[in-house]
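Taking it in order: structure first as C-alpha cells, then the write-up.
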Amino acid sequence: MEHEEQEREWVAQCLQGDAQAFRPLVQRYERMVRSVIRRLIAAEHAVDELAQQTFVTAYESLAQYSGDARFSTWLCQIALNKSRDAMRTWHRRPEEDINGGLELESAAAGPDEELEEKQRHAHLQAALRRLKPADREVIVFKYILGFSHAEVAKTIGCTSEAAKVRSHRAREELKRVLESMGIVP
C-alpha cells in the first residue's frame, strides 16, 4: 500500500504542475514497460521509442488516471495500446522487421546457467511470436508479469471471467506451441 500512496502523491504533484514528480514513476516502471513491449512485439529496434511514447502519453493523460486500478496496470494498458498501434502500422508496411533481434537479460550466476536461461528466454520469445496477439497479451500480463485476472481484464479490456477463460486458453495454446517446437513445458 505504501507504494500506491507514494504514487498517488507523485501523480498529484504532477497534476499541480511539478513535472519532476513524474521522474520517480518512470524510474520505477521503465523496466516493466520495456519488458511488456518487448514481449508483445519482439521488435527490439522499436522498444525504446514505444516505451518513450508510453510514458509521454501517461504524463499527458495523468488527469484521466482515476486511481481505480494500480498505476502499473494503467501504464501497462497504455504500453499495450502503443504496441497494438505499432503492430497495425507494421502490418500496413510489411517490409519492416517486426521480429528484430532480442537482447535477453539473465540473473543466472555462471556462464552455463546464463546460457540455459538465455535459451529458455529465446524459446519462450519464439513461442510467444507464434501465438495470436490476443493470446500473447494474456500470457504476458497474467503469467509473465503476474497480474491478477481482474488486472488482466482491466488492461486488455474484458471482464474478469473472460480474462480467466482467455488465460486458460492462451496457456494451453502456448503449451501446444512449445510442444510443437520440441520443448517440454
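The table for this structure:
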read-out: Any hit, segment 123-134, residues being exposed (fewer than 15 other Cβ atoms within 10 Å of the Cβ), over 17 Å from the mean Cα position of the chain (by Cα) and either more than 18 Å from Gln77 (Cα to Cα) or among the aliphatic types (A, V, I, L, M) (or both); value: no
read-out: Residue that is nearest to Phe71 (Cα to Cα) [pool: residues in segment 1-47 that are assigned to a helix (DSSP H, G or I) and of a type in the set (Gly, Ala, Ser)]; value: Ala12
read-out: Residues within segment 7-18 that are of a type outside the set (Asp, Glu) and in contact (Cβ under 8 Å) with a residue 12 or more places away in the chain, tallied; value: 5
read-out: Residue within segment 146-154 that is modelled with pLDDT of 80 or more, part of a helix (DSSP H, G or I) and among the hydroxyl-bearing types (Ser, Thr, Tyr) present; value: no
read-out: One residue from Arg166, Arg171, Arg120, Arg129 being basic (Lys, Arg), within 23 Å of Asn81 (Cα to Cα), at pLDDT below 90 and not assigned by TED's automatic domain parsing to the domain that holds Leu75; value: Arg129
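The values are calculated or read from the model by the stated rules, or taken from the named source; none is laboratory data. Keep in mind it's a predicted model, so treat the numbers as computed, not measured. Glycine gets a Cβ as well: all are built from the backbone with ideal geometry, and neighbour counts include every protein chain shown.
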